[in-house]
Each structure stands twice: as structure tokens, then as C-alpha cells.
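Engineer: I am attaching a structure below and will ask some questions about it afterwards.
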Amino acid sequence: MAVVPNQQIQQIQMGQHGPASHLIVHISDTHFLGGSRALYGTVDTDTPVRQALAQLERSGLRPDALVFTGDIADTGEADAYRRVRALVEASADRLGAQVVWVMGNHDKRAAFRTDLLGQAGSDAPVDAVFDLGGVRLIALDSSVPGYHHGELAPSQLDWLADVLGDPAPHGTVLALHHPPIPTMIPLMSILELRGQARLAEVIAGTDIRAILGGHLHYATTGLFAGIPVSVAAATCYTLDASAPQGELVGQSGGQSINLVHVYDDQIVHSTVPLGEFDVATRFDAAFLARMQSLSPEERTEAFSRQADSTGSVA
Ligand SMILES: [Fe+2]
Ligand SMILES: [Fe+2]
């Protein structure tokens, strides 16, 4: 089946909403180790990232950016950064997407700069601003060297306030590793972002439309300072949100990435499980083209009316 580029698909409007103006792919917590060593001796970190990129390339989507919200390498090894960078940059080139790397608590600033970003080494926070075709993406380094919890230095908050002083054409998306929302896993709350009230003071009322986070290893959403927060699960292993109460359980399964569609009036986050699954039902692009050729009334009869011979979806 021919893959139809999403620019074409995105122009098809058969509902009430206009097309998405931008698409960000949100990926988190790759936790690569040097020499392709397995995490905890058992977890293959590379295959799920390859799988994610293969699914994106197969989809025909043309994302503006791939945003990785931290814990790129598990212990900051040079080979880990170089390996994930090679894998991701090759795919991003084919997708025509920018790549944004955000620091996590497992990352090491100096190696992150030299081996992942190709910059001069420095232990200063790795904060940066990207222009994704009018959407401003701010990458904020919430890591605390030597610790796993998160915190933002006063100088970082001053910088952030300064950047946010001028609004962006399509608004701002803030990406940071430690999400400013509660977690139901008690041990993870020890490792949360501290000083959240100070961040709220800086970003409330600005043009930030969404906050992207990682760190929790399970997909979740919340609201912070009136701004939607979306956490992408990890690609390496996930934390089981249904584990027995009081336990923290990492499992080899349930990995996913998020698609972040930016519309004029809202931003929609969609979780994509990683893996190959049996197809249960399928309507191909030719079927979509047929629906497009019909009037709204005709397509309501053809696709919405119950007991239609085409079967049902959703
Ligand atoms: Fe992590
Ligand atoms: Fe983390």
C-alpha cells in the first residue's frame, strides 16, 4: 500500500477542526549504555529506539522535530551518546525533522555537550531555544549534578523569564526532564522537580502552550500553572503504574512515544505503542480518497450510519 505523506493527509478536512500546523514527536528516556551493554543486564535499549524510528518512517509523517526529554544515556558514556545520535540523526534526516536533546538526571553535561551535541564541553546547564517553524521549543535542563531529583537554578529561571518576554508566532512548548506534576509512585516523588512554585511564577500567563516531560517512565498527563503537561513513557523500560502499592517495578514492555499535534487552538498528545501487532481492521488510503470525494451528507451515510456494509470503527 502506498504511503500518503501526512502533508496531504493533513489537508483533508472532513470534521470541525482545521489541520495541525506542526507536529512534534516526543520520545523519552532512551538510557543507552556504552558498548551496547544491556541495561540491568537484560534490557535492550537500542531496539525500541530503532522500532520507534522505523514506525515513524513507515507512517509517512513529516514531523517538524524529534524531541528527546532526557536520560539519553544511562551513565553519560561517550559511546552511548554517539550511538544514539547516529541512529536518530540518520532517521531525522530522512524524516526532514530537527532533533532536540534535553538533559536528564542520568546524563552528564560535559559528555552530553561533546558527544551528543558536538559542542565544547562545559558543566553549565544545557538550556536552549529552537524555532520549529514558528513554534518556539525551549529545552530546559532540570538535572542536578550528582543527584537524581530535579531543580532549576535561579539563573535558569531568570533566563527563561527573559526568553518568554517576547511571545512566539505559534506559542511555546517547554521541554524538561522532570515534569512538574505529582506521581502516584512514592519513591519517584523523592526524585521529582523541586521548587515547582518558582517555575509556576515564571511561566504562568506566558505563551507556553504545553510542557513535555519524561523521567517517570510511564505516560501521564497533568496541569501545571494552567498549562497542560504531557509525559512520554520511556523507550528502554517502563514503570508499572499498576504495581502493588508501595513498590517500584520497572518492566520490559509497554514502551511508547507521543505524537504532539499543534493546532491553532489546542495541542493534542497521542501515545503510540512501540512494536509490531496483528492488524484487526484496516481502511486504506483509497478508501479515504473515496470518502473525500463524497459530500458531507453522503459520507455520513457511507461511514457513520450503523450496520453499514463497510463495518464499523471505533
Ligand atoms: Fe529515566
Ligand atoms: Fe530521569
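The values are calculated or read from the model by the stated rules, or taken from the named source; none is laboratory data. This is a predicted model, so every value here is computed, not measured. Backbone-built Cβ (ideal geometry, glycine too); neighbour counts: all protein chains shown.
Engineer: Right, Arg113: at pLDDT 95 or above, surrounded by fewer than 19 Cβ atoms within 10 Å (Cβ to Cβ) and more than 16 Å from ligand 1 (Cβ to nearest atom) or not? Spell out the reasoning first.
Structural biologist: Working: at pLDDT 95 or above: yes; surrounded by fewer than 19 Cβ atoms within 10 Å (Cβ to Cβ): no; more than 16 Å from ligand 1 (Cβ to nearest atom): yes.
For Arg113, the condition - at pLDDT 95 or above, surrounded by fewer than 19 Cβ atoms within 10 Å (Cβ to Cβ) and more than 16 Å from ligand 1 (Cβ to nearest atom) - is not met.
Engineer: Would you mind listing the helices (runs of 4 or more DSSP H) fully within region 193-309 where at least 2 residues are over 28 Å from Glu57 (Cβ atoms)? Steps first, answer last, please.
Structural biologist: Numbers: elements: 196-203, 285-293, 296-299.
Once the helices (runs of 4 or more DSSP H) in region 193-309 are filtered for at least 2 residues that are over 28 Å from Glu57 (Cβ atoms), what remains is 196-203, 296-299.
Engineer: For region 248-265, indicate whether the set of residues that are over 30 Å from Ile203 (Cα atoms), among the β-branched types (Val, Ile, Thr) and more than 13 Å from the chain's Cα centre (by Cα) is non-empty.
Structural biologist: The answer is yes, given that some residue of region 248-265 is over 30 Å from Ile203 (Cα atoms), among the β-branched types (Val, Ile, Thr) and more than 13 Å from the chain's Cα centre (by Cα).
Engineer: Moving to a separate point now. Of all residues in region 123-142, how many are among the acidic types (Asp, Glu) and either touching a residue at least 40 places away in the same chain (Cβ under 8 Å) or within 17 Å of Gly213 (Cβ to Cβ) (or both)?
Structural biologist: So the first thing to find is which residues in region 123-142 are among the acidic types (Asp, Glu), and the list is 123, 127, 131, 141.
Retained after the next criterion (residues that are either touching a residue at least 40 places away in the same chain (Cβ under 8 Å) or within 17 Å of Gly213 (Cβ to Cβ) (or both)): 127, 141.
Residues meeting the conditions: 2.
Engineer: In addition: Considering only region 35-51, I want to know if a residue exists there that is among the small types (Gly, Ala, Ser), within 16 Å of ligand 2 (Cβ to nearest atom) and modelled with pLDDT of 95 or more. It would help to see each step written out before you state the result.
Structural biologist: Initial filter on region 35-51 (among the small types (Gly, Ala, Ser)): 35-36, 38, 41.
Filter again for within 16 Å of ligand 2 (Cβ to nearest atom), leaving none.
No, region 35-51 contains no residue that is among the small types (Gly, Ala, Ser), within 16 Å of ligand 2 (Cβ to nearest atom) and modelled with pLDDT of 95 or more.
Engineer: A follow-up question, please. Restricting attention to region 227-256, which residues are β-branched (Val, Ile, Thr) and closer than 21 Å to His269 by Cα? Please lay out each step first, then the result.
Structural biologist: Step one: of region 227-256, the residues β-branched (Val, Ile, Thr) are 227, 229, 231, 235, 238, 249.
Within region 227-256, Ile227, Val229, Val231, Thr235, Thr238 meet the criteria.
Engineer: Would you mind finding the one in His177, His217 that is within 21 Å of Leu152 (Cβ to Cβ), buried (at least 22 other Cβ atoms within 10 Å of the Cβ) and either at pLDDT 95 or above or not hydroxyl-bearing (Ser, Thr, Tyr) (or both)? Walk me through how you get there before you give the answer.
Structural biologist: Details: His217 fails: within 21 Å of Leu152 (Cβ to Cβ).
Just one listed residue meets the conditions, His177.
Conditions tested, residue by residue: (1) within 13 Å of ligand 2 (Cβ to nearest atom); (2) aliphatic (A, V, I, L, M).
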residue	(1), (2)
Val84	no, yes
Glu89	no, no
Asp93	no, no
Trp101	no, no
Asn105	yes, no
Phe112	no, no
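Engineer: Could you tell me whether region 206-228 includes any residue that is aromatic (Phe, Trp, Tyr) and farther than 26 Å from Leu117 by Cβ?
Structural biologist: First pass over region 206-228, keeping only residues aromatic (Phe, Trp, Tyr): 218, 224.
Among the residues that remain, those that are also farther than 26 Å from Leu117 by Cβ are: 218, 224.
For region 206-228, residues aromatic (Phe, Trp, Tyr) and farther than 26 Å from Leu117 by Cβ: present.
Engineer: Taking region 187-219 on its own, how many of its residues are farther than 24 Å from Pro48 by Cα and more than 19 Å from the chain's Cα centre (by Cα)?
Structural biologist: 18
So that you can scan it fast, the table gives a plain yes or no per residue for (1) at pLDDT 95 or above; (2) in contact with a Lys or Arg (Cβ under 6 Å, 6 or more places away or on another chain); (3) surrounded by 16 or more Cβ atoms within 10 Å (Cβ to Cβ); (4) of a type outside the set (Phe, Trp, Tyr):
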{"site": "Cys236", "(1), (2), (3), (4)": "yes, no, yes, yes"}
{"site": "Pro244", "(1), (2), (3), (4)": "yes, no, no, yes"}
{"site": "Gln255", "(1), (2), (3), (4)": "yes, no, yes, yes"}
{"site": "Asn258", "(1), (2), (3), (4)": "yes, no, yes, yes"}
{"site": "Tyr263", "(1), (2), (3), (4)": "yes, no, no, no"}
{"site": "Phe277", "(1), (2), (3), (4)": "yes, no, no, no"}
{"site": "Phe283", "(1), (2), (3), (4)": "yes, no, no, no"}
{"site": "Arg290", "(1), (2), (3), (4)": "yes, no, no, yes"}
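Engineer: Additional query: Going by the conditions given, is Asp131 of a type in the set (D, E, K, R) and either more than 21 Å from Ile257 (Cα to Cα) or away from ligand 2 (no atom under 16 Å from the Cβ) (or both)? Explain how you work it out, then say what you get.
Structural biologist: Values: of a type in the set (D, E, K, R): yes; either more than 21 Å from Ile257 (Cα to Cα) or away from ligand 2 (no atom under 16 Å from the Cβ) (or both): yes.
For Asp131, the condition - of a type in the set (D, E, K, R) and either more than 21 Å from Ile257 (Cα to Cα) or away from ligand 2 (no atom under 16 Å from the Cβ) (or both) - is met.
Engineer: Still on this model: Considering only residues that are part of a helix (DSSP H, G or I) and surrounded by fewer than 15 Cβ atoms within 10 Å (Cβ to Cβ), which ones fall in region 151-171? Break it down stepwise before answering.
Structural biologist: Our first condition is that a residue be part of a helix (DSSP H, G or I); within region 151-171, this holds for 154-164.
Pro154, Ser155, Asp158, Ala161, Asp162 - these are the residues of region 151-171 that are part of a helix (DSSP H, G or I) and surrounded by fewer than 15 Cβ atoms within 10 Å (Cβ to Cβ).
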